[in-house]
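The values are calculated or read from the model by the stated rules, or taken from the named source; none is laboratory data. None of the values given here were measured: they were computed from a predicted structure. Because the Cβ atoms are built from the backbone with ideal geometry, glycine has one as well, and the counts that use them run over all protein chains shown. Accessible surface is based on the protein model in full, side chains and every heavy atom, while ligands, DNA and RNA are left aside. Shrake-Rupley method; radii C 1.70, N 1.55, O 1.52, S 1.80 Å.
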Amino acid sequence: MRRRTASSRSVSIAPLAAVAALASLATAACSVTDEAGPTPPSPSGRAAKVCRSLHGALPERVYDQRRGRTDQVSDFTAVWGDPAIALRCGVPEPPVFTPGTEEYNPTAEVAEVNGVSWLVEKRDDGYRFVTTDRVAYVELTVPGDYGPEAEVLPDLADAVKRTVPTVRETEDGAGN
């Protein structure tokens, strides 16, 4: 977002107050602070534990966007930038992975980025990515403003790999 500064020679208080009010509204509209944010999922058991670990390991910057705050404080969500790049940990299994559902697609598009496998779903305004083969599903929604949207994934790969074990690691006894 670009900021412009303007100088005014006017001494009148009313125009200055109006400008200050508009500036305040513009600042509030451009901040992830005080926004509702993503709806927190409700993971339980092991998924909740690894999601809390992931929350503590998330980077302060993703795709050069600063981590923000939302009204709904949760260990299962995080946001960066405006419009918000939103992460939710502990979401339900995507229907495309569930045999018998109308959405089931055994050939759904999946991409591996720095050792983390992600389901790739195009949305009207951007993409939704969901981890695969992990003990908890991590969802990331990336608005089209950040295209190419997949460029966000490397910034999160290390935190996901360190805190959300793969199903195979858990079966082998190597997971957290």
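What to note about this one:
- Residues of segment 135-176 that are over 20 Å from Glu93 (Cβ atoms), assigned to a loop (DSSP other than H, G, I, E, B) and of a type in the set (Gly, Ala, Ser): Gly147, Gly173, Ala174.
- Scanning segment 135-162 for residues being touching a residue at least 40 places away in the same chain (Cβ under 8 Å) and open to solvent by 10 Å² or more (accessible area, probe 1.4 Å) gives a total of 13.
- Residue within segment 58-74 that is free of Cβ contacts under 8 Å to residues at least 12 places away in the same chain, within 14 Å of Ala159 (Cα to Cα) and open to solvent by 60 Å² or more (accessible area, probe 1.4 Å) present: yes
- For segment 103-148, taking the residues that are farther than 25 Å from Ala47 by Cβ and not small (Gly, Ala, Ser), the one that is farthest from the chain's Cα centre (by Cα) is identified as Thr107.
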